[in-house]
1. Which helices (runs of 4 or more DSSP H) does the range 1-108 wholly contain that include 3 or more residues that are surrounded by fewer than 16 Cβ atoms within 10 Å (Cβ to Cβ) and more than 16 Å from the ligand (Cβ to nearest atom)?
2. Return the pair list, or none, for Cβ contacts closer than 7 Å from residues in the range 15-35 that are closer than 16 Å to residue 2 by Cα to residues that are among the acidic types (Asp, Glu) and away from the ligand (no atom under 16 Å from the Cβ), at least 6 apart or on different chains.
3. When the residues of the range 74-90 are narrowed to those that are in contact (Cβ under 8 Å) with a residue 40 or more places away in the chain and under 11 Å from the mean Cα position of the chain (by Cα), which ends up nearest to residue 48 (Cα to Cα)?
Amino acid sequence: MIVVCGDIGPSALAVLRSRPDPHCIRGNADREDRIDADLPPSLGFVVDGLGAVRFCHAVPGDDESIITRRTPPGIVAALLADTAEHVVRYDHTHVQYDRRVGEHRVVNCGSVGLPYEAEPGAHWVMLGPDVDFRRTIYTAASLPEATPDEAAEHFERLAGRGTAP
Ligand SMILES: [Mn+2]
């Protein structure tokens, strides 16, 4: 089963909808581009070996909240206070990570089209029984425009949190 966690864009969405398997979630860019008519803001599935997982763009109920690898645990816990499941998300930060914060395991799946990683290619994650980060080279893959550290610093500033440790 494939889950796409938002900011898909109209052309990629058309391709995904021509296939039977992908589940697509609405991202903030999809909402702003008004192509969100029938995309859900989040989806819940039970994943073998992981349990109940909530898939969303940022956090359930909000498609713009920023959580980077550096976001202080207290802020992450507050953002997920109303969420019972583990969380798999994407958002604007485009960087893969796997964090445990209190009761939650927060996984950022990374970006297929615009990764801010050390290596080029489509970044994604295979779930169950483990969290297995994957990278797939494709013909049009471009070099990342930022490193993971640069991305974390940028987005923490964007969220008004300065430079978190
Ligand atoms: Mn976004």
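1. 10-17, 73-79
2. Pairs that qualify, where the first residue is closer than 16 Å to residue 2 by Cα and the partner is among the acidic types (Asp, Glu) and away from the ligand (no atom under 16 Å from the Cβ): there are none.
3. Restricting attention to the range 74-90, the residues satisfying the condition of being in contact (Cβ under 8 Å) with a residue 40 or more places away in the chain are 75, 85, 88-90.
Still in the running and under 11 Å from the mean Cα position of the chain (by Cα): 88-90.
On the way: 88: 15, 89: 18, 90: 21 Å.
Within the range 74-90, the match that is nearest to residue 48 (Cα to Cα) is 88.
Residue by residue, here is whether (1) at pLDDT 90 or above; (2) under 23 Å from residue 156 (Cα atoms); (3) not hydrophobic (A, V, I, L, M, F, W, C) holds:
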residue: 22; (1), (2), (3): yes, no, yes
residue: 25; (1), (2), (3): yes, no, no
residue: 38; (1), (2), (3): no, no, yes
residue: 48; (1), (2), (3): yes, no, yes
residue: 58; (1), (2), (3): yes, yes, no
residue: 68; (1), (2), (3): yes, yes, yes
residue: 74; (1), (2), (3): yes, yes, yes
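The values are calculated or read from the model by the stated rules, or taken from the named source; none is laboratory data. In this text the structure is predicted, and so the values were computed from the model without any measurement. Heads up, the Cβs are rebuilt from the backbone with ideal geometry, glycines too, and the neighbour counts pull from every protein chain shown.
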